[in-house]
Amino acid sequence: MKKTTSIILTLALASAAALSGCGVGQASVTDDEAVEAATPVPVEVASPFRADIYATYHATATISSDADAPVVARVAGEIVELLVEEGDSVAEGQVLARLDGERLRLEMLAAKANLRQAQTEYERNVDLHARGLISASMFDNLQYDLEALEATYELKRLNYEYSRIRAPISGIVASRDVKPGQHMAVNDVAFRITDTSELVAYLQIPQVELPKFSAGHSASIEVASMPGVDHPATIVRISPTIDTRNGTFRATAIIDNAAGDLAPGMFGRFTIAYEQHKDALVIPLAAVLDEDDETMVYVVNDDEVARRQIETGIESDGRVEILGGLDESDVVVVIGHSGLRNGSKVLASDNGTDSVTG
């Protein structure tokens, strides 16, 4: 751009010298306009190029976890040991804490002893029943008693097992709500487990936009804590019914969070790609002007520009698809439209470079 500036200054000095030779008051307005028309306008240009472009829709939503479970006490007792803390990774079935289960253990042992006694009595009478030495009703009662004692023992054993508080799902310990020595009643919450490897968000889609979407569309999400970083997501389902309160449909997005960068409760900005045009002809969106109900660009030919009407398609990420009016051999003005008109002289530099043409 330094070279561009030097050329402009040289032209300006030459014009000033020409005017000074005419004497005071001799330069006419026509001469000024001619000088202005002959002075090239510095602009930045670019050529159309091929790229994949996506039609996108933007929405916002709060991220949550679809796998979030409270861990409750299934029997009453006092907390005697805590084995995990908040932030720990746990597996389904892992013991998180232990209650004082001594009373439950003794009840289980008593039930086991009664069961063994009943089993022995039953086995002793099997042969007698086969030889007809005891009545069928007496033998049936022995069998019923044995089954009842088996159920009692299993219940006592299960209650004793419940003195070990276990994780119902695999995930991260989101909260620990108990302390050592605390007495737990049945159904008191001890922990909360959240699986954050896959998160979910519910997006509200307006009725007029619904035909653009379907399950399987890809999306990305950006959060305030990591600006400029996109995390992949997928639209997995769309509700077939409308929310009468706001006239929208609910779309469910699943977010891949295997790296653990996101957390439930974060507010995310979603970009949903609902249509893709491969190998489309595109130009920078900054090159496009809307004037007099026409969409147009300035095309550079040698050192002059000409207005040209174009037809555009998808706009995304600062680019616009060209459906008609341009081809890859054209050069369009991207920066410096102000003051241009048909036939304006320009001093063009490639967009993003210091090379100068024209």
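Coordinate-derived values only; no laboratory data. Keep in mind that what you see is a predicted model, and the values were worked out from it rather than measured. Cβ: placed from backbone, ideal geometry, glycine included. Neighbour counts: every protein chain shown.
For a quick check of your reading of the filter: which trypsin sites (Lys or Arg not before Pro) in the stretch 268-350 sit in a DSSP loop and have no more than 15 other Cβ atoms within 10 Å?
On the way: sites: R269, K278, R307, R308, R319, R341, K345; in loops: R341.
Of the trypsin sites (Lys or Arg not before Pro), the ones in loops of the stretch 268-350 whose Cβ has at most 15 other Cβ atoms within 10 Å are R341.
State log₁₀ I(q)/I(0) for the stretch 71-194 at q = 0.23 Å⁻¹ as given by the Debye formula over alpha-carbon point scatterers of equal weight, solvent excluded.
-1.17
Looking at the stretch 32-137, which trypsin sites (Lys or Arg not before Pro) are in a loop (DSSP not H, G, I, E or B) and have at most 13 other Cβ atoms within 10 Å? Write down the numbers at each step before the final one.
On the way: sites: R50, R74, R98, R103, R105, K112, R116, R124, R131; in loops: R74, R131.
Listed in order of number, the matching sites are R131.
Using θ = phi - 60° and the Karplus relation 6.51 cos²θ - 1.76 cosθ + 1.60, list the HN-Hα couplings for the stretch 242-253 in order, rounded to whole Hz, with x at every Gly or Pro.
9, 7, 5, 6, 10, x, 10, 9, 9, 10, 9, 10
Calculated from DSSP H runs of 4 or more alone, at -39500 (n - 2.57) each and per residue, what is the 222 nm mean residue ellipticity of the chain, nearest 500?
-8000 deg cm²/dmol
Please give the direction-averaged projected area of the C-alpha convex hull for the stretch 148-221, in square nanometres with one decimal. Walk me through the numbers before you get to the answer.
On the way: hull surface 41.1 nm².
Mean projected area of the Cα convex hull: 10.3 nm².
Pull up all non-local amide H partners of A55: gap of 5 or more, or a different chain, and H-to-H distance under 5 Å with H placed in the peptide plane.
Long-range HN contacts for A55: Y274, E275, Q276, H277.
Going by alpha carbons, how many degrees (0 to 90, nearest 10) lie between the helix axis of 29-38 and the longest principal axis of the chain?
Taking the Cα atoms of the chain, the angle to 29-38 is about 50 degrees.
Could you list which residues have their amide H under 5 Å from that of R166, counting only those 5 or more apart in sequence or on another chain, with H placed in the peptide plane?
The answer is L96.
Which far-off residues, 5 or more places away or on another chain, put their amide H under 5 Å from the one on E198, with H placed in the peptide plane?
Under 5 Å from the amide H of E198 lie the amide H atoms of N257, each far enough along the sequence or on another chain.
Using θ = phi - 60° and the Karplus form 6.51 cos²θ - 1.76 cosθ + 1.60, what ³J(HN,Hα) does each residue of the stretch 164-171 get, whole Hz, x for Gly and Pro?
Using θ = phi - 60°, the values come out as 9, 7, 10, 6, x, 9, 7, x Hz.
Could you run the Karplus curve 6.51 cos²θ - 1.76 cosθ + 1.60 with θ = phi - 60° over the stretch 147-161 and give me ³J(HN,Hα) per residue in whole Hz, x for Gly and Pro?
After applying 6.51 cos²θ - 1.76 cosθ + 1.60, I find 5, 5, 5, 5, 5, 4, 5, 4, 5, 5, 5, 5, 4, 5, 5 Hz.
Starting from 0 in steps of 10 Å, tell me what percent of the Cα-Cα pairs of the stretch 222-358 lands in each bin.
The distribution over the stretch 222-358 is 9, 28, 23, 20, 15, 6, 0, given as percents.
With everything on Cα atoms, drop me the angle between helix 2-20 and the longest principal axis of the chain, reported from 0 to 90° to the nearest 10.
30 degrees
Once you compute Rg and the Kirkwood Rh from C-alpha atoms, what is the Rg to Rh ratio for the chain?
Details: Rg = 39.6 Å, Rh = 28.7 Å.
For the chain, the value is 1.38.
Treating the beta-carbon of each Lys and Arg as +1 and of each Asp and Glu as -1, no other charges, what is the dipole magnitude of the chain about its Cα centre, to the nearest 20 debye? Intermediate values should be presented prior to the final figure.
Working: 29 positive and 55 negative charges, 319 e Å.
Magnitude of the dipole: close to 1540 debye.
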